[in-house]
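See below for the structure under consideration.
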Amino acid sequence: MLFVFQILFIIGFVVLSPWYLTKMFRRGNFIRGFWQRFGIYSAAIHARAASGGFVWIQACSVGETRVAIQLIDQLRQRWPQMPIALTTTTLTGQTLAAKLAPPEVLVFYFPLDFCLCARGALRLLRPQLLLMIETEVWPTLVLMARRRGIPVALVNGRMSAKSFRGYRAIGPLGR
């Protein structure tokens with residue numbers, strides 16, 4: 001199944017790259033976090049992640065980041081020494097995470113959902129748990145985490161009946 005996702009990713013990446021790069025240039029946020037999206041991290045991020053054993057929280061944009069910050073506050077109260085990493089997908093989510101997350105939380109961009117990129121983040125964090133906020137589900141990362149025995153939980157998720165029918169219609173890929 002992972003192989004199918006990778007083939008679909010490559011096709012989508014090749015087709016959508018010109019549009020995406022043009023959009024990034026127009027917004028002016030081309031460089032910020034660019035390499036992080038490919039699972040390539042600075043020496044400073046590697047140094048902060050050296051201990052491993054993170055609870056990795058993935059929040060897509062602003063709304064999910066706000067939920068993640070509340071969750072982090074609760075986790076820190078209960079387990080103050082637990083290493084936590086917060087990733088976001090969008091520039092607005094990243095800006096909010098950098099502003100609101102406690103300084104001990106490692107904040108960076110979520111990698112592309114491709115095996116080489118996701119592998120870089122998994123090696124960096126060596127997570128003990130992956131928490132995904134809302135309904136963005138990243139199949140490659142979920143499958144790779146599952147293969148490594150990392151528990152994955154969808155937090156604050158919702159799915160409409162229409163979305164459920166759509167996922168069911170694509171059979172094993174939807175599962």
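Below are the figures for this structure:
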{"item": "Per residue solvent-accessible surface (Å²) - the stretch 70-175, probe of 1.4 Å", "result": "57"}
{"item": "Accessible-area value, ARG148, 1.4 Å probe, nucleic acids and ligands omitted, Å²", "result": "110"}
{"item": "Contact order relative to length of the chain, as percent, for alpha carbon pairs under 8 angstrom and 6 or more apart", "result": "24"}
{"item": "Within the chain, longest stretch free of exposed chymotrypsin sites (Phe, Trp or Tyr not before Pro) [DSSP loop, at most 14 other beta carbons within 10 Å]", "result": "35-175"}
{"item": "Charge dipole of the stretch 1-152 about the Cα centre (unit charges at C-beta), most positive-ward option of THR89, PHE54, LEU116", "result": "LEU116"}
{"item": "Only Lys, Arg (+1) and Asp, Glu (-1) charged, at Cβ; the stretch 88-175 dipole about Cα centre in debye", "result": "400"}
{"item": "Helix-only CD estimate at 222 nm, as mean residue ellipticity for the chain, using -39500 (n - 2.57) per DSSP H run (n ≥ 4)", "result": "-16000 deg cm²/dmol"}
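The values are calculated or read from the model by the stated rules, or taken from the named source; none is laboratory data. Everything quoted here is computed from the prediction, not taken from an experiment. With ideal geometry, Cβ positions are generated from the backbone for all residues, glycine too; neighbour counts draw on all protein chains shown. Protein only, heavy atoms only, side chains kept; ligands, DNA and RNA dropped before computing areas. Shrake-Rupley method; radii C 1.70, N 1.55, O 1.52, S 1.80 Å.
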